[in-house]
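J.: Here it is: the structure, laid out below.
Bear in mind that the values in this text are calculations on the coordinates, not laboratory data. This one's a predicted model, so the numbers in the text were calculated from it and none came from an experiment. Note: ideal-geometry Cβ built from the backbone for every residue, glycine included; neighbour counts use all protein chains shown.
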Amino acid sequence: MVYDPKSKKAEEFINHEEILKTLEYAQKNKHNVELIDSIIEKAKARKGLSYREASVLLDCDIKEKNEEIFALAEQIKKDFYGNRIVMFAPLYLSNYCVNGCVYCPYHAKNKVIKRKKLTQKEIEEEVIALQDMGHKRLALEAGEDPVNNPIEYILESIKTIYSIKHKNGAIRRVNVNIAATTVENYKKLKDAGIGTYILFQETYHKESYEKLHPTGPKHNYAYHTEAMDRAMEGGIDDVGLGVLFGLELYRYEFAGLMMHAEHLEATFGVGPHTISVPRIRHANDIDASSFDNGIDDDVFAKIVACIRIAVPYTGMIISTRESQQCRERVLHLGISQISGGSKTSVGGYAVPEPEYDKSEQFDVSDTRTLDEIVKWLMEMGYIPSFCTACYREGRTGDRFMSLCKSGQILNCCHPNALMTLKEYLTDYASPETKELGLKLIEKEIEKVKSQKVKVIAINYLKEIDAGKRDFRF
Ligand code: SF4
Ligand code: SF4
C-alpha cells in the first residue's frame, strides 16, 4: 500500500508505513532546532501544517520551543475564534449495541448494564429538561443496533427534538454521533437537518482496531475509516473526527488524525469541522487502567496545542470526561466547544437515574451544572456561546471553511455569542451568573469591530429584553 491522501481506500489515505516513517522522522528531529523553528514559522502563517511537521512539534521536548508552541496555539485560537466557547450537551437515545468494543460498557456482551432506549415521549421530556437548562445544541448518541436503533428511529428522534418549543427554548442544532453507515442513510440524516456528523475513529492503528473491536459490524476497519467519505458523498459537509486517546500510542493516533484531516481536505476541499479529544475513562465493566497507552495531562495539553496549530480552522471539543482543572488548562490552548451539565446515560436529564438502574457510558469528571460552568467560563474571561448560526444560515462545509480560514468568522462568532448569552441569562441563569454576564456583555459589545454590526447587535440585545429571541449574524 502506498500513501495517497486522495485515495478512497482507508489503508492508502491512513497509511501505516507512512505513519511509521513519520514517527521515525519526528523522533530523529525532535531536537532539530532549525527544523522546529521553521515549522513554528510556517504555523504562524495560520495555514496549517502537514502531519509530518505537526508530528515533529508533538515530539519536540525542548522547553523553550514548547513554550512557543503553547503560546502560538493560544494566539491562533484567539485569532480564529476569539474568546467565545460554544456550549452543547450530549443526549443518549439508546445503549443497545451489537458491537464488541472492549473499551465501552455498551458492548453487546455486557449483561450487567441496564439497556435502555428512549421513546419519543421520553425524548420530549429530556429535551424539555435540556431546554430548561438553557441548551440550544445537542449531540445525539446511540449504539449500533439495526433492530433497536434503526435509522428510522434516529430520524424520528431528530424530528421530535426539532419540533419541541418549550417556553423560550428550542434546540437549534442537532449533531449526530452514530455508527458508520451507508451513503443513503447519510443523505437521510442530511435531509433531517443534522449539523455535524461525528464519528470517532477510536484508533487509526488497524491491527489494534481489529483487536479492540473483535465482533460486530464495527470490526470492519475500512468501512469505519471510510465513513466520513460516505457522509460527504451523502451531502453532509460538516464532519467531526476524534480518537479515543489511551487505546494506542498517542503519537501514532495523532499522525493518523492529521492524515485523516489532510485526506478530507485533499478529497473534498473541506477539512474536519471539529476534532474531539476524548481520553479513555472508567465505566461499568471497563477498567481504564487496563489500557496501557493512557496519557497524562501534560501530553494531553501538548496534543491539544499541536492540533490547534496544525488545523487552525477546526473547532475542538472537550467533554465532561475531563475534570474542571484539565478543561481549564486546554481551553487556553485551542478548545472551542465544551459540554456542560451532561448526562452520559440514556435519559437522566428529566429524572436522575436511580443507583440500581444505571446506563452511563462513562463516568463524568466535571459534574457541575450548566449555570456553574457558564459562570466559571465568564470568570476566566470567556464568552459562553449558545450560537448555532452558521448551520442555520447555510454556512456549512466550504462556505464555513472559507470564512474561517480568512479569519472572518470571528465577526459572526463574537456578536452571536453575546446575543445568545443574553438569551441564556434572561431565561435560565441564576441571579449571580446573570449579573456577571450582563457586565461581560456590556464590556464585550464595545469590542465588536464593525460599527454597523455593533449598532445592530445593541439593538438586538434590547429586543431580547423586550421578549424577542433568536437573533443572529
Ligand atoms: S463504542 Fe459505540 S459501537 Fe462500540 S460498544 Fe460502545 S456504543 Fe457500541
Ligand atoms: S457564528 Fe458559526 S462558528 Fe461562530 S459560534 Fe456561531 S455557529 Fe459557531
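J.: Measuring from centroid to centroid over Cα atoms, what is the spacing of the range 327-381 and the range 19-73 in Å?
T.: 33
J.: Compute, for the range 10-74, the length of the dipole vector about the Cα centre, with Cβ point charges of +1 (Lys, Arg) and -1 (Asp, Glu) only. Units Debye, rounded to 20.
T.: The dipole magnitude comes to about 200 debye.
J.: What is the distance, in nm, between label points placed 7 Å from the Cα along the Cα-to-Cβ direction at Thr267 and at Asp363?
T.: Calculated label separation equals 3.8 nm.
J.: Of Lys78/Lys375; Lys165/Lys218; Lys78/Lys159; Lys42/Lys65; Lys44/Lys454, which ones are farther than 26 Å apart at the Cα?
T.: The pairs that break the limit, which is 26 Å between Cα atoms, are Lys165/Lys218; Lys78/Lys159; Lys44/Lys454.
J.: Can you figure out the FRET efficiency of Lys454 with Lys63, using R₀ = 35 Å and their beta-carbon distance, to the nearest 0.05?
T.: 0.25
J.: Using a Förster distance of 45 angstrom, determine the FRET efficiency expected from the C-beta separation of Arg472 and Val2, and round it to 0.05.
T.: Rounded to the nearest 0.05, the efficiency is 0.45.
J.: Can I ask one more? State the extension gain, in nm to one decimal, for the chain segment bounded by Val351 and Lys206, taking 0.36 nm per residue of separation less the distance between their alpha-carbons.
T.: Net length gain for the segment: 48.1 nm.
J.: Given axes a ≥ b ≥ c from the Cα gyration tensor, I'd like to know whether the range 78-367 is rounded (a/c under 1.5), prolate (a/b larger than b/c) or oblate.
T.: It comes out rounded by the Cα gyration axes.
J.: How much of the calculated P(r) for the range 206-320 lies past 24 Å, in percent of all Cα pairs?
T.: It works out to 29 percent of all Cα pairs.
J.: What FRET efficiency, computed as 1/(1 + (r/R0)^6) with R0 = 30 Å and r the Cβ-Cβ distance, is obtained for Glu435 and Ser406, rounded to the nearest 0.05?
T.: Efficiency at R0 = 30 Å is approximately 0.25.
J.: Further question: Report, by chain and number, residues whose modeled amide H sits under 5 Å from the one on Arg172, excluding near sequence neighbours (fewer than 5 apart, same chain).
T.: For Arg172, the qualifying residues are Arg137.
J.: Moving to a separate point now. Let me know the charge dipole size of the chain about its Cα centre in debye, to the nearest 20, where only the beta-carbon of Lys, Arg (+1) and Asp, Glu (-1) is charged.
T.: For this selection, approximately 1460 debye.
J.: Measuring from label point to label point, each 7 Å out along Cα→Cβ, what is the Glu446 to Lys121 span in nm?
T.: Once both label points are built, they end up 5.5 nm from each other.
J.: Would you calculate, for the chain, the mean residue ellipticity at 222 nm contributed by helices, counting each DSSP H stretch of 4 or more residues as -39,500 (n - 2.57) and dividing by all residues, to the nearest 500?
T.: Using -39500 (n - 2.57) per qualifying helix, the result is -14500 deg cm²/dmol.
J.: If you don't mind, there's one more thing I want to ask. Between Lys190 and Tyr25, what is the label-to-label distance in nm when each label sits 7 Å out along the Cα-to-Cβ direction?
T.: Each label point lies 7 Å from its Cα, and together they span 3.4 nm.
J.: In debye, nearest 20: dipole of the range 408-465 around its Cα centre with unit charges on the Cβ of K, R (+) and D, E (-)?
T.: About 340 debye.
J.: Skipping prolines and chain starts, which residues have an amide H placed within reach, meaning under 5 Å, of the one on Thr320, given they are 5 or more residues away or on another chain?
T.: Close amide H contacts, sequence-distant or interchain: Ser339.
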